[in-house]
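What follows draws every value from the coordinates through simple rules; no lab data is involved. These numbers come from a predicted model, not from an experiment. All Cβ positions, glycine included, derive from the backbone under ideal geometry; neighbour counts span all protein chains shown.
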Amino acid sequence: MRRIAGLLALVWCLPNLVVAFWMVQGAFVAKTAQHEGIVAQASLLLGGLLIALFTVLLARQALRMLAAPEASGA
Amino acid sequence: MTIAGQSGTIQPWSNELGDDFIFVRALPAVLALGVLYGLIGGWLSPAGASARRADGAVRRFSTTTVLLHALLIVGFLIALPTGAWQYLGGILDVQGPLPTYLYYRIHYIGAGIVLVSVFAFVTYWWMTGDRSLLFPLDDCARYLRGFAQELPSMLGTRLAQLLRLDLKQPAGSPGAFSFYEKVWSFPTFGFGIGLITITGIVKLLRYAIPIPGPIVWADSTLHVAAMVILIIRIADHLRYTLAHWPLVVAIATGWLPNRVGQTRAAPATGGDE
């Protein structure tokens, strides 16, 4: 069961990373700079980086569960 | 103008607009359904039921909480990806595999489920008087200290320095839920869900009552901000609960296994029972 949960968590991480990548990428495209300004660019960059950070932490936990399901989690 | 007419291909102006009108008209019924679920859950929750099973497992969540949490998950699984796509598709100028109106339609179905769940939860907590996920503000310093102690030492020490907390002092018991859950997890989730609910309802109400453009713009920005907060919170929530597996068992069954009854992350007392 823990392996399945770990696998599902890993699957959940994939779209999160895609969203994070698109947000960071969106922060640097000309359209955002021209139409929405520096605040929107900074928000996209910060939001994308935070999503990436928390997703990496989740992915690490998920990989632990896949590698050693009984050892991970009290 | 019938709902069937609006949801099909013969819609008044466009597919997207037709769905907006259906959703705003259905809003009172959606909210009422949530309140009804909460009332039923509150009435059915046994008062003073045994909080400990024969095998020592502790009751952490009521059946109503387990079901409403599952409903909320379903709502988010539908609303979050479709909402993210609406926003990012616009930024990236990408159409995606489905027609735009379908993203909206699916998003509205998910949002409707989230609304039912949120209003049911609030009604249920009001009915039962359950406040186990909240901490008393007059005991704030102790809870912040406990929270800092539960964090990884690098983060906890910095937080303690910032808030001038004495980490050498014991924080005592957090009660039914851990300090992390009470000080960080629930308040931030509550803020994110509250913000996305209110801004989502305001976005929707513009199809029923005139709302000035700048307010709609600010509201839409906050809706997106709430989406980002919730994506982050869900990832963190999953990381925390998966690292404390009995909590996953508890939200699926309502019962916290006995062997972890005394650990800090999974306190021995019951949750919302």
Restricting to the stretch A:34-44, what's the tally of residues that are more than 9 Å from every other protein chain (Cβ to nearest Cβ) and either more than 19 Å from B:GLY89 (Cβ to Cβ) or surrounded by 20 or more Cβ atoms within 10 Å (Cβ to Cβ) (or both)?
-> 4
Taking the condition assigned to a loop (DSSP other than H, G, I, E, B) and aliphatic (A, V, I, L, M), does B:ILE109 pass?
-> no
Looking across the stretch A:60-74 at residues that are assigned to a helix (DSSP H, G or I) and more than 9 Å from chain B (Cβ to nearest Cβ), the single one that is farthest from B:ALA218 (Cα to Cα) is A:ALA67
What residue, of A:ALA5, A:ALA20, A:ALA52, A:ALA42, is among the aliphatic types (A, V, I, L, M) and either over 19 Å from B:ILE234 (Cβ atoms) or outside any helix (DSSP H, G or I) (or both)?
-> A:ALA42
Of the conditions (1) touching a residue at least 12 places away in the same chain (Cβ under 8 Å); (2) within 28 Å of B:HIS244 (Cα to Cα), B:GLY110 fails just one. Which one is it?
-> (2)
What are the pairs, 6+ residues apart or on separate chains, where a residue within the stretch B:208-234 that is free of Cβ contacts under 8 Å to residues at least 24 places away in the same chain has its Cβ under 6 Å from a residue that is in a loop (DSSP other than H, G, I, E, B)?
-> B:VAL216/B:ARG206
Any residue in the stretch B:82-99 that's more than 7 Å from chain A (Cβ to nearest Cβ) and of a type outside the set (Val, Ile, Thr): show its pairings with residues that are in a loop (DSSP other than H, G, I, E, B) and surrounded by 12 or more Cβ atoms within 10 Å (Cβ to Cβ) at Cβ separation under 7 Å, as long as the two are six or more apart or on different chains.
-> B:TRP85/B:GLY96; B:GLY89/B:GLY96
Exactly one of (1) of a type in the set (A, V, I, L, M, F, W, C); (2) over 19 Å from the mean Cα position of the chain (by Cα); (3) assigned to a helix (DSSP H, G or I) is unmet by B:LEU242. Its number?
-> (2)
